[in-house]
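Here is the structure we will look at.
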């Protein structure tokens with residue numbers, strides 16, 4: 001068989017296999033990500049590709065989210081650092097080898113992609129491409145029996161990358177992990193690099209792919225392609241960690257930034273009990289502070305665990321002995337989760353027009369808090385009301401209804417009181433300010449999923 005050697009061995013990571021395994025073990029031991037998240041299976045990760053001494057721990061953070069999960073195929077999407085070319089390239093070799101270790105390339109998938117004209121074979125683009133090669137030892141450690149497909153992106157459109165991702169995902173029936181190989185900004189002073197990281201995080205987590213460019217992330221083509229793909233549009237992003245080269249070099253004047261993210265299916269539960277407890281505490285403390293001082297508290301976002309800094313939409317609900325007392329939230333990702341929860345908690349307690357505002361701490365203490373963290377909303381294509389009813393997912397999904405300026409939403413928990421699709425849709429139309437019997441072909445429906453939890457468990 002025709003195997004590629006790892007040309008980056010000896011520079012980006014040790015060339016001696018035992019030394020490489022020892023370094024991999026060290027960086028993986030430094031990562032506590034696998035113990036701090038729920039065990040949902042990601043569909044994609046963003047992993048850096050610098051030397052392991054610089055970004056190995058962050059790469060370990062990304063791959064650790066996959067611990068215990070099986071993937072039949074690992075697709076690495078890397079920028080072309082050394083060779084300028086048009087299009088998307090695959091390599092002709094059968095796999096990678098270093099020492100006694102080998103990883104096979106999925107020849108069947110490669111042939112199918114080439115046959116359909118989505119990529120070409122261009123070995124030169126893959127030679128010593130560190131965006132690919134730095135990922136291989138991690139893949140070997142976490143997915144010993146999986147095959148890989150290295151993909152190097154030249155000058156190509158975001159739409160073509162997205163089409164490739166969706167094609168592979170469909171062909172593999174979802175049993176594939178996409179590794180989006182990317183570092184962040186290059187050679188800025190640390191303070192500027194930190195600000196750019198925050199910008200990148202917001203763009204990735206709010207799906208604003210068009211604003212992501214090479215100045216913010218060298219792997220922007222892969223990230224943008226994933227974000228606009230059918231798979232990526234519905235995925236829930238979770239920020240895992242960030243760092244820069246100054247941590248190692250101690251030179252803050254000119255740094256390279258690194259970040260790690262994981263993307264999960266919309267129905268995944270990705271926040272562990274520690275995170276949930278923290279969010280419930282934030283909601284209660286923010287509301288209590290507002291009632292005492294008359295203004296929202298300052299939220300120091302960077303003092304919270306990185307996953308809680310991720311931009312996610314949320315709803316906060318107050319209940320009085322099981323009866324609704326207030327509910328306000330966000331349908332789109334607009335700010336870090338901890339800030340979104342604090343804002344929505346205060347509004348739910350004091351600004352829900354359906355209820356008298358909570359004014360006393362003593363009343364707040366008698367209320368129970370429930371939080372729902374939402375997935376991105378996806379549009380449902382329907383021809384008529386019958387088809388809309390058939391598309392509803394009782395007890396599973398929430399729904400947004402829009403008609404002109406009229407809009408209403410029901411969280412999944414509403415299914416507890418409106419048990420049938422007919423009751424649910426009629427109630428949703430009424431909440432949007434429409435007659436329950438009204439229907440128009442111009443009505444737009446969107447569904448989403450919610451990860452919900454409360455103080456009572």
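The values are calculated or read from the model by the stated rules, or taken from the named source; none is laboratory data. Given the structure is predicted, the values throughout are model-derived calculations rather than measurements. Glycine also receives a Cβ, built like all others from the backbone with ideal geometry; neighbour counts cover every protein chain displayed.
Residue 418 versus (1) part of a loop (DSSP other than H, G, I, E, B); (2) touching a residue at least 12 places away in the same chain (Cβ under 8 Å); (3) more than 28 Å from residue 232 (Cα to Cα): which is the lone unmet condition?
Condition not satisfied by residue 418: (2).
Any chance you could count how many residues in the range 66-80 are more than 19 Å from residue 21 (Cβ to Cβ) and part of a loop (DSSP other than H, G, I, E, B)?
6
I'd like to check something: does the range 94-106 contain any residue that is without any contact (Cβ under 8 Å) to a residue 60 or more places away in the chain, in contact with a helix residue (DSSP H, G or I) (Cβ under 9 Å, 6 or more places away or on another chain), surrounded by fewer than 16 Cβ atoms within 10 Å (Cβ to Cβ) and closer than 17 Å to residue 7 by Cα? Even if it seems obvious, please write down each step before you answer.
Within the range 94-106, the first condition is being without any contact (Cβ under 8 Å) to a residue 60 or more places away in the chain, and the residues that meet it are 103-106.
Now drop any that are not in contact with a helix residue (DSSP H, G or I) (Cβ under 9 Å, 6 or more places away or on another chain), which leaves 103.
Keeping just the survivors that are surrounded by fewer than 16 Cβ atoms within 10 Å (Cβ to Cβ) gives none.
No, the conditions are met nowhere in the range 94-106.
Checking the conditions here, which among 347, 383 is over 22 Å from residue 265 (Cβ atoms) and either touching a helix residue (DSSP H, G or I) at 6+ places or on another chain (Cβ under 8 Å) or at pLDDT 95 or above (or both)? Steps first, please.
Working: 383 fails: either touching a helix residue (DSSP H, G or I) at 6+ places or on another chain (Cβ under 8 Å) or at pLDDT 95 or above (or both).
The match here is 347.
If we scan the range 362-380, do we find a residue that is in a strand (DSSP E or B), more than 30 Å from residue 201 (Cβ to Cβ) and either modelled with pLDDT of 95 or more or within 27 Å of the chain's Cα centre (by Cα) (or both)? I'd like the intermediate steps shown before the answer.
Step one: of the range 362-380, the residues in a strand (DSSP E or B) are 368-374, 378-380.
Next, from what is left, pick out any that are more than 30 Å from residue 201 (Cβ to Cβ): 368.
Within this subset, residues satisfying the condition of being either modelled with pLDDT of 95 or more or within 27 Å of the chain's Cα centre (by Cα) (or both) are 368.
Yes, the conditions are met somewhere in the range 362-380.
Determine, yes or no, whether residue 147 is over 24 Å from residue 64 (Cα atoms), at pLDDT 95 or above and in contact with a strand residue (DSSP E or B) (Cβ under 9 Å, 6 or more places away or on another chain). Walk me through it before giving the result.
Values: over 24 Å from residue 64 (Cα atoms): no; at pLDDT 95 or above: yes; in contact with a strand residue (DSSP E or B) (Cβ under 9 Å, 6 or more places away or on another chain): yes.
When the stated conditions are applied, residue 147 does not pass them.
Residues in the range 381-414 that are assigned to a loop (DSSP other than H, G, I, E, B) and over 28 Å from residue 322 (Cβ atoms): how many?
Taking the range 381-414 and keeping what is assigned to a loop (DSSP other than H, G, I, E, B), we get 381-384, 392-397, 404-405, 411.
So of that shortlist, the ones also over 28 Å from residue 322 (Cβ atoms) come out as 381-384, 404-405.
Summing the residues that are assigned to a loop (DSSP other than H, G, I, E, B) and over 28 Å from residue 322 (Cβ atoms) in the range 381-414 gives 6.
Is it the case that residue 410 is farther than 26 Å from residue 312 by Cα and without any contact (Cβ under 8 Å) to a residue 60 or more places away in the chain?
Working: farther than 26 Å from residue 312 by Cα: no; without any contact (Cβ under 8 Å) to a residue 60 or more places away in the chain: yes.
Criteria not met by residue 410.
Mind listing just one residue for me: the one in the range 44-65 that is crowded, with 24+ Cβ neighbours inside 10 Å and part of a loop (DSSP other than H, G, I, E, B) and, of those, farthest from the chain's Cα centre (by Cα)?
49
In this structure, does residue 392 turn out to be at pLDDT 95 or above and touching a helix residue (DSSP H, G or I) at 6+ places or on another chain (Cβ under 7 Å)? Explain how you work it out, then say what you get.
Details: at pLDDT 95 or above: no; touching a helix residue (DSSP H, G or I) at 6+ places or on another chain (Cβ under 7 Å): yes.
No; evaluated as a whole, the condition is false for this residue.
Taking the range 11-43 as the search range and keeping residues that are modelled with pLDDT of 90 or more and closer than 19 Å to residue 205 by Cβ, which one is surrounded by the most Cβ atoms within 10 Å (Cβ to Cβ)?
Per the criteria, the residue is 42.
Mind counting the residues in the range 267-277 that are touching a helix residue (DSSP H, G or I) at 6+ places or on another chain (Cβ under 9 Å) and buried (at least 19 other Cβ atoms within 10 Å of the Cβ)? It would help to see each step written out before you state the result.
Initial filter on the range 267-277 (touching a helix residue (DSSP H, G or I) at 6+ places or on another chain (Cβ under 9 Å)): 270-272, 274-275.
Keeping just the survivors that are buried (at least 19 other Cβ atoms within 10 Å of the Cβ) gives 270-271, 275.
Here the count works out to 3.
Which residues, taken from the range 388-437, are surrounded by fewer than 19 Cβ atoms within 10 Å (Cβ to Cβ), more than 19 Å from residue 448 (Cβ to Cβ) and touching a strand residue (DSSP E or B) at 6+ places or on another chain (Cβ under 9 Å)?
430, 433
Grab the helices (runs of 4 or more DSSP H) fully contained in the range 175-278, keeping just those with 3 or more residues being in contact (Cβ under 8 Å) with a residue 60 or more places away in the chain and under 20 Å from the mean Cα position of the chain (by Cα).
On the way: elements: 190-205, 220-228, 230-234, 246-249.
Helices (runs of 4 or more DSSP H) meeting the threshold: 190-205, 220-228, 230-234.
Within the range 306-330, work out how many residues are assigned to a loop (DSSP other than H, G, I, E, B) and surrounded by fewer than 17 Cβ atoms within 10 Å (Cβ to Cβ).
Just the residues of the range 306-330 that are assigned to a loop (DSSP other than H, G, I, E, B), to begin with: 310, 312-313, 321-322, 330.
Within this subset, residues satisfying the condition of being surrounded by fewer than 17 Cβ atoms within 10 Å (Cβ to Cβ) are 321-322.
Selection size over the range 306-330: 2.
Considering only helices (runs of 4 or more DSSP H) fully contained in the range 81-171, which possess at least 1 residues that are more than 26 Å from the chain's Cα centre (by Cα)? Outline the logic, then answer.
Details: elements: 107-115, 123-126, 130-133, 136-142, 158-171.
Fully inside the range 81-171 and qualifying: 107-115, 123-126.
What single numbered condition from (1) assigned to a loop (DSSP other than H, G, I, E, B); (2) modelled with pLDDT under 90; (3) under 19 Å from residue 179 (Cβ atoms) fails to hold for residue 1?
Of (1) assigned to a loop (DSSP other than H, G, I, E, B); (2) modelled with pLDDT under 90; (3) under 19 Å from residue 179 (Cβ atoms), only one is false for residue 1: (3).
Given (1) within 17 Å of the chain's Cα centre (by Cα); (2) surrounded by 22 or more Cβ atoms within 10 Å (Cβ to Cβ), where does residue 342 come up short, assuming only one miss?
With (1) within 17 Å of the chain's Cα centre (by Cα); (2) surrounded by 22 or more Cβ atoms within 10 Å (Cβ to Cβ) applied to residue 342, the lone miss is (1).
Within the range 372-380, is even one residue surrounded by 14 or more Cβ atoms within 10 Å (Cβ to Cβ), without any contact (Cβ under 8 Å) to a residue 60 or more places away in the chain and out of contact with any strand residue (DSSP E or B) (no Cβ under 6 Å at 6 or more places or on another chain)? I'd like the intermediate steps shown before the answer.
To start, the set of residues in the range 372-380 that are surrounded by 14 or more Cβ atoms within 10 Å (Cβ to Cβ) comprises 372-378, 380.
Now drop any that are not without any contact (Cβ under 8 Å) to a residue 60 or more places away in the chain, which leaves none.
No.
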